[in-house]
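Notes follow the structure.
The values are calculated or read from the model by the stated rules, or taken from the named source; none is laboratory data. Everything numeric in this text was worked out from a predicted model, so none of it was measured. Because the Cβ atoms are built from the backbone with ideal geometry, glycine has one as well, and the counts that use them run over all protein chains shown. We work out accessible area using only protein heavy atoms, side chains counted, and drop any ligands, DNA or RNA first. Shrake-Rupley method; radii C 1.70, N 1.55, O 1.52, S 1.80 Å.
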Amino acid sequence: ALTAGIPLCWNNEEGTTTTAAQRWNYFATGYTGACLRFNSFVNYNGNTNMLKTPVLDITALATPRVTFMYKNPTGGDFSVFVSTDGGETYTTALATGLTGVTNWTPMSIALEELDATDSVVIVFQGTSNYGNGDAYIYLDNVVVEETPACLAPTNLSLDTVTTTYFQVSWTDNNEETPASWTVAYSIDGGETFIEITGIDHDSAVVCNFDAPLGDINVMAKVKANCNVDAESAWSDEINFVTPPTCPA
């Protein structure tokens, strides 16, 4: 686990940000464990810093992608570039203008159009706006991998909760609508999950408890069932507490 600095073989030396502590660097509270953070709070307006991955050989991947979690509440511009010459040049933008994002947000970007795929470097660029408040850019869980045949839902959120049911919604990320979805929930801290299968709604579902519950911690997650042979990974979990009494 990361405990200081940046991951081994990554690089944060490039850019106009001269103070080491203001570059992409270790921050203890990430999406899962520690993360990397670019300081835009006391960094002069327009200063940049590039966080570069090690050189990656993705020739064995048929449909590669890069995924990561990020948030950028009030910081400067956050952009992502790709290099195919080991990080020497990077003019191809994968994503730009990732600003004004208060909550941790998943990003998935296809890489299958790249040339020279044995010398790939992903470049995360932070640009300072000398902001105030939570003026930082946060990055976590960077993964380069084969694109799954069935993509997991994202943005799982709680719409309604009472002592007898809850309603959740999510974003599907597949080109074709999955055959169904499965929602699972737990009322014992994740020791066991109850699955509700065959959901044919593409955005929301109501899950009924066996009996009224009050002040119970509930965990919920969802996955897509694209076809008989392909189902997605589970989404990130959400946690909430049922109210002690039913609404009027």
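Values for this structure:
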{"read-out": "Heavy-atom accessible area per residue - the range 1-68, 1.4 Å, Å²", "value": "52 Å²"}
{"read-out": "Taking the range 128-193 and dividing mean pair separation by its residue count, relative contact order in percent (alpha carbons under 8 Å, at least six apart)", "value": "20 percent"}
{"read-out": "Per-residue SASA entry for Cys226, accessible area with 1.4 Å probe, Å² rounded to 10", "value": "30 Å²"}
{"read-out": "Rounded to the nearest 20 debye, dipole of the chain from Cβ charges on Lys, Arg, Asp, Glu", "value": "960 debye"}
{"read-out": "Set of aspartates and glutamates with alpha-carbon distance to Lys223 below 13 Å, sequence-local pairs under 8 removed", "value": "Asp172, Glu195, Asp200, Asp202, Glu231, Asp236, Glu237"}
{"read-out": "Tensor-based shape of the range 12-126 (alpha-carbon gyration tensor, a/c under 1.5 rounded, otherwise prolate or oblate)", "value": "prolate"}
{"read-out": "Carbon plus sulfur fraction of accessible area for the chain, probe 1.4 Å, in percent", "value": "49 percent"}
{"read-out": "Farthest toward positive dipole pole in the range 1-152 [+1 Lys/Arg, -1 Asp/Glu at C-beta], among Thr67, Ile122, Asn132", "value": "Asn132"}
{"read-out": "With DNA, RNA and ligands ignored, accessible area of Val123 (1.4 Å probe; Å², nearest 10)", "value": "0 Å²"}
{"read-out": "Relative contact order [Cα under 8 Å, 6+ residues apart], the chain, whole percent", "value": "18 percent"}
{"read-out": "Phi-based couplings in Hz for the range 13-21 (Karplus 6.51, -1.76, 1.60; Gly and Pro marked x)", "value": "8, 8, x, 8, 6, 8, 7, 4, 5"}
